[in-house]
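Taking it in order: structure first as structure tokens, then the write-up.
Each value in this text was obtained by applying a stated rule to the coordinates, not by laboratory testing. Every value quoted in this text rests on a predicted model; they were computed, and no experiment measured them. Please note: Cβ atoms are built from the backbone with ideal geometry, for glycine as well, and neighbour counts cover all protein chains shown.
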Protein chains: 2
Amino acid sequence: MPEAEEVFAYLRGLQGGICARLKEIDGGGAVFREDAWTRDDGAGGVSRVMEGGAAIEKAGVNLSRVSGGRLPPAASARRPELAGRAFEAMGVSVIVHPLNPYAPTSHLNVRFFVATDPAGVSDPAWWFGGGFDLTPFYGFEADARDWHGMARAACEPFGPALYPRFKKWCDEYFHLKHRGEARGIGGLFFDDFDEGGFDRAFAFMRSVGDHYMEAYGPILERRKDMPYGQRERDFQLYRRGRYVEFNLLYDRGTLFGLQSGGRVESILVSMPPKVRWRYDWRPEAGTPEARLYEEFLRPRDWAEGSLEA
Amino acid sequence: MPEAEEVFAYLRGLQGGICARLKEIDGGGAVFREDAWTRDDGAGGVSRVMEGGAAIEKAGVNLSRVSGGRLPPAASARRPELAGRAFEAMGVSVIVHPLNPYAPTSHLNVRFFVATDPAGVSDPAWWFGGGFDLTPFYGFEADARDWHGMARAACEPFGPALYPRFKKWCDEYFHLKHRGEARGIGGLFFDDFDEGGFDRAFAFMRSVGDHYMEAYGPILERRKDMPYGQRERDFQLYRRGRYVEFNLLYDRGTLFGLQSGGRVESILVSMPPKVRWRYDWRPEAGTPEARLYEEFLRPRDWAEGSLEA
């Protein structure tokens, strides 16, 4: 599928743009280390990782492109009939763990799949997937509204139905079932997306990719230098444990990557740099920490009116 | 099955004995917090957890007893024909995360299952499972030899075949497939054990339970006060990440517990108190940290001659 090169060129540019912007916001002189990797079967990618920045404790911005003889059933939930076809997949995954507990963790993924008919009879099937979501440690209504406002803006050129649909999907996906808890305040999640044909679907994926730093950049900038103490840092490290639990217990990309022999260090770059677990700990009522659970870790309509579309 | 009460009484005593011994070794005045819990369906347990001890950064010693209408297929790997039967399960699970990086993390589990025939025709099926394993951060040959010597001693009264068989099973089970790395230096792992009838099988399970602190106590005592610095602490926190990865990605008890609606805080008490992840980090050649990987995180015959049985 010739369009795959076009998508890959976009993804490469997206990776570069996000790294440049993160480095600029960090401002501390830390650089992205770059690791290009290839596997015998032709899979490969470029991982860019920053650790120990002034504002960013750890960030991973991964570009990867893999192909295989047999599409795993998990890769296309909507069309199980494609399982077993030869496929090509490419994507960009981003995770940012800021140092300041008032700055939220954020995550982006955009990906493109092509499944080819081994008999060569029907056209290849293709689809896009991805989204972005935000995980605050301390809740700020303004951040949540801006984040979801930008998520809605990313969807708006494609009609009013997409934002509420993909916002809901995101809430459902980033849910820690064993805790009955949302991972964060959500954002967008979509998969198996080919609606309206290639040009429109690709444009939508680009819109999601392009809106990510537009949404996250200003939030990171206004929180990264807020004064904080040990209490806030402890809570951040504690809450990061939930991120680990989600990624290792539920995240399809992580589990698929590890099971299919992907590059472990690129996949697990999503792990937070420092984490704490405390037995049966709960924040005291009335504290900002309790407020996170009560007011932010429950799905809410942050982009006013947008769910009525 | 009337013997279930006898097993439960042993497990309760084992929990108490382990807590008392750990408190004694810790010596810092920290106490075990006790949480008794029950669920609507009759499941229940007592979790005992110590945090912030002088020598023990976190320890969890859990007793639990659950029953259900349908035995999950995973619970008896050897006899899938029992899946779906009513069952009762009880066990003790122990995890100790010492503060000193020279002191290894250790883990014990002993459990008893009964599956009853709903038609009441055949006798109930029952079996024991469990084992103990050690996860050092810095390798000491003496510790590894003593640990496996005690594992062999636990098996010896039951014939020479058990130690090599359950030592091998332990090496296979506590393996991080995605890293191609052993979790630690192993020990014993057994399941579906009913060989020789109830009295012998129960005696074997008791022997494993009773040898755990006999094996771990002296090692913890001789390592807990060794001088160490930030470098050793950093490596300990980094290596603890592997423990998290194993437990959330592979550990059957953890996954079964979370999926079956067990008490989350009791199950995840196994999580280390503090953890670090560093991207693509590797110890420098020739360092004590590199030695751990080269000489200890590979299955070895630590109990001299015992594998020839």
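Placing a label point 7 Å from Cα along the Cα-to-Cβ direction at B:G27 gives distances to the equivalent points in the other copies of 5.0 nm, listed shortest first. Here the alpha carbons of the stretch B:35-117 define both size measures, Rg and Dmax, at 16.3, 49 Å. Placing unit charges on each Cβ (+1 for Lys and Arg, -1 for Asp and Glu) gives the stretch B:60-114 a dipole about its Cα centre, and among B:V66, B:N109, B:G91 the Cα reaching farthest toward its positive end belongs to B:V66.
Working ranking of peptides A:151-158, A:270-277 by packing, defined as the average number of other Cβ atoms within 10 Å per residue, highest first, is A:270-277, A:151-158. Counting Lys and Arg as +1 and Asp and Glu as -1 over every other residue whose Cβ lies under 13 Å from the Cβ of A:R200, the net charge comes to -3.
What does the charge count around A:E5 come to, taking other residues whose C-beta lies under 13 Å from its C-beta (Lys +1, Arg +1, Asp -1, Glu -1)? It works out to a net charge of -1. Reducing the stretch A:56-104 and the stretch B:38-102 to their Cα centroids gives an inter-centroid distance of 34 Å.
The relative contact order of chain A, computed from alpha carbon pairs under 8 Å that lie at least 6 residues apart in sequence, is 17 percent. Separation of the stretch A:173-227 and the stretch B:115-186, taken as the distance between their Cα centroids, equals 44 angstrom. Positive end of the charge dipole of the protein assembly as shown (Lys, Arg +1 and Asp, Glu -1 on Cβ, about the Cα centre): tell me which of A:G120, B:F166, B:A144 has its Cα farthest that way. Checked the options; the winner is B:A144.
A:G261 label point (Cα plus 7 Å toward Cβ) to equivalent points in the other copies: 4.0 nm, shortest first.
Here the stretch A:1-151 is treated with +1 on each Lys and Arg Cβ and -1 on each Asp and Glu Cβ, and its dipole about the Cα centre works out to around 160 debye.
Return a whole-number percent for the relative contact order of the stretch A:1-136, with Cα pairs under 8 Å and 6 or more residues apart as the contact set. Walk me through the numbers on the way to the answer.
Working: 278 pairs, mean separation 23.5, N = 136.
17 percent.
With only alpha-carbon atoms in the gyration tensor, what are the semi-axes of the equivalent ellipsoid for chain B, in Å, largest first?
So the three semi-axes of chain B are 32, 22, 19 Å.
Just to be sure I follow the definition: excluding the sites themselves, where is the longest run in chain A that has none of the GluC sites (Glu not before Pro) in a DSSP loop with at most 12 other Cβ atoms within 10 Å? For GluC sites (Glu not before Pro) (loop position, at most 12 other Cβ atoms within 10 Å), the longest site-free span of chain A is A:1-283. Per residue of A:265-276, other chain Cβ atoms within 10 Å of the residue Cβ number 5 on average.
For the stretch A:55-198, build the convex hull from the C-alpha positions and give me its volume per residue in Å³. It would help to have the intermediate numbers written out before the result.
Numbers: hull volume 19.1 nm³, N = 144.
Taking the convex hull of the Cα positions in the stretch A:55-198, it is 133 Å³ per residue.
In this assembly of identical copies, the label point of B:A83 (Cα plus 7 Å along Cα-to-Cβ) is separated from its counterparts by 1.5 nm, sorted shortest first.
Taking all pairs of distinct Cα atoms, average 1/r, flip it, and tell me the Kirkwood hydrodynamic radius of the stretch A:125-253 in Å to one decimal place.
Details: mean 1/r = 0.0631 Å⁻¹.
15.9 Å is the Kirkwood radius here.
The trypsin sites (Lys or Arg not before Pro) of the stretch B:45-109 that meet both conditions, a loop assignment by DSSP and at most 15 other Cβ atoms within 10 Å of the site Cβ, are B:R70, B:R78. With the largest listed first and rounded to whole Å, the semi-axes of the equivalent ellipsoid of the protein assembly as shown from the Cα gyration tensor are 44, 28, 25.
Calculate the tail of P(r) for the stretch B:211-309: the fraction of all Cα-Cα distances greater than 22 Å, expressed in %. Intermediate values should be presented prior to the final figure.
Values: 2489 of 4851 pairs.
It works out to 51 percent of all Cα pairs.
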